[in-house]
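**Student:** Could you have a look at this structure, given as structure tokens, before my questions?
The values are calculated or read from the model by the stated rules, or taken from the named source; none is laboratory data. This one's a predicted model, so the numbers in the text were calculated from it and none came from an experiment. Every residue, glycine as well, gets a Cβ built from its backbone with ideal geometry; the counts of neighbours run over all protein chains shown. Side chains are part of the model used for accessible areas, which takes the heavy atoms of the whole protein and leaves out ligands, DNA and RNA. Shrake-Rupley method; radii C 1.70, N 1.55, O 1.52, S 1.80 Å.
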Amino acid sequence: MTIDTIDKKILRLLQEDAHLTLKDISNKINLSLTPVHDRVKRLEKEGVIEKYVSIVNKKKLGIHLTVYCQVTLVKQTHDVSEEFNKSILNMPEVVECNFVSGNFDYLLKVVLADMDSYHYFHQQKLSVLPEVSLINSFFIISEVKSTTVMPIS
């Protein structure tokens, strides 16, 4: 599948505002409605556009603490990683989980209401997993940039 310059224009617009109508998009890129519709449908079908979501204001939801956790597993085996992955998938506080290279195995992004909530999460959910050997936590003081927009060149 190739993504041409028109597809890229459409993707840039939709990343900024998923509520744009096909008519809005066609006006902004000077292309008629039918080809815009066909291109958006193709991008959806081919998985370039995975889904449409609403981005909520976490502070207005009472989520005031973001923590990055470096997690080291007891063993770096497939079975241990799979069990850890299954556990993390059931933790709504964990909004990102990445298996990484380096001095630890996973980098988690965890969002919670406050430090008491994190203490509970750390003590009662994360550190009790049998796959976990070590947790290093970093607390966000100020968020400088947070975006879901992917760079499209």
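**Student:** On average, how much accessible surface per residue is there in the chain, in Å², for a 1.4 Å probe, leaving out ligands, DNA and RNA? Working shown, then result.
**Tutor:** On the way: 10550 Å² over 153 residues.
Computed with neighbouring chains in place, this is 69 Å² per residue.
**Student:** Scan the stretch 10-117 for trypsin sites (Lys or Arg not before Pro) in coil per DSSP, keeping those whose Cβ has at most 11 other Cβ atoms within 10 Å, and list them by number. Display every interim value, and only then the final one.
**Tutor:** Details: sites: R12, K23, K28, R39, K41, R42, K45, K51, K58, K59, K60, K75, K86, K109; in loops: K51, K58, K75.
Taking the stretch 10-117 and a limit of 11 other Cβ atoms within 10 Å, the loop trypsin sites (Lys or Arg not before Pro) found are K51, K75.
**Student:** Another question about this same structure. Of the cross-linked pairs K28/K59; K9/K60; K60/K125, which ones have a Cα-Cα span greater than 27 Å in the structure shown?
**Tutor:** On the way: K28/K59 33 Å; K9/K60 32 Å; K60/K125 25 Å.
Flagged as over cut-off: K28/K59; K9/K60.
**Student:** Share of the stretch 32-153's accessible area from carbon and sulfur, percent, 1.4 Å? Please report the intermediate quantities before stating the final value.
**Tutor:** Details: 4570 of 8450 Å².
Carbon and sulfur atoms account for 54 percent of the accessible area of the stretch 32-153.
**Student:** What is the chain's relative contact order, in percent, from Cα pairs under 8 angstrom and six or more apart in sequence?
**Tutor:** Values: 160 pairs, mean separation 41.2, N = 153.
Taking the mean separation of contacting Cα pairs over the length of the chain, I get 27 percent.
**Student:** What Rg and what Dmax come out for the chain when only alpha-carbon atoms are used, in angstroms?
**Tutor:** Considering the chain through its Cα atoms, Rg and Dmax are 20.2, 57 Å.
**Student:** Which of the chymotrypsin sites (Phe, Trp or Tyr not before Pro) found in the stretch 66-153 are loop residues per DSSP with 16 or fewer other Cβ atoms within 10 Å of their Cβ?
**Tutor:** On the way: sites: Y68, F84, F99, F104, Y106, Y118, Y120, F121, F138, F139; in loops: F104.
The qualifying sites are F104.
**Student:** Pop out the ³J(HN,Hα) list for the stretch 69-86 in order, Karplus 6.51 cos²θ - 1.76 cosθ + 1.60 with θ = phi - 60°, rounded to Hz; leave Gly and Pro as x.
**Tutor:** Those phi angles translate into 10, 8, 10, 10, 8, 5, 9, 9, 10, 4, 4, 5, 4, 4, 5, 4, 4, 4 Hz.
**Student:** Could you please put D7, D17 in sequence from largest to smallest accessible area, using a 1.4 Å probe?
**Tutor:** Values: D7 0, D17 65 Å².
Result of the area sort, largest leading: D17, D7.
**Student:** Under the 0.36 nm per residue contour assumption, what length would be gained going from the current alpha-carbon distance of E44 and D24 to full extension? Could you put the intermediate results ahead of the total?
**Tutor:** Numbers: separation 20, 0.36 × 20 = 7.20 nm, distance 1.80 nm.
Length difference between fully extended and current span is 5.4 nm.
**Student:** Here's another thing I want to ask about it. Once phi is turned into ³J(HN,Hα) by the Karplus curve 6.51 cos²θ - 1.76 cosθ + 1.60 with θ = phi - 60°, what whole-Hz value does each residue of the stretch 43-52 show in order, with x for glycine and proline?
**Tutor:** 5, 5, 4, 7, x, 5, 9, 7, 6, 10
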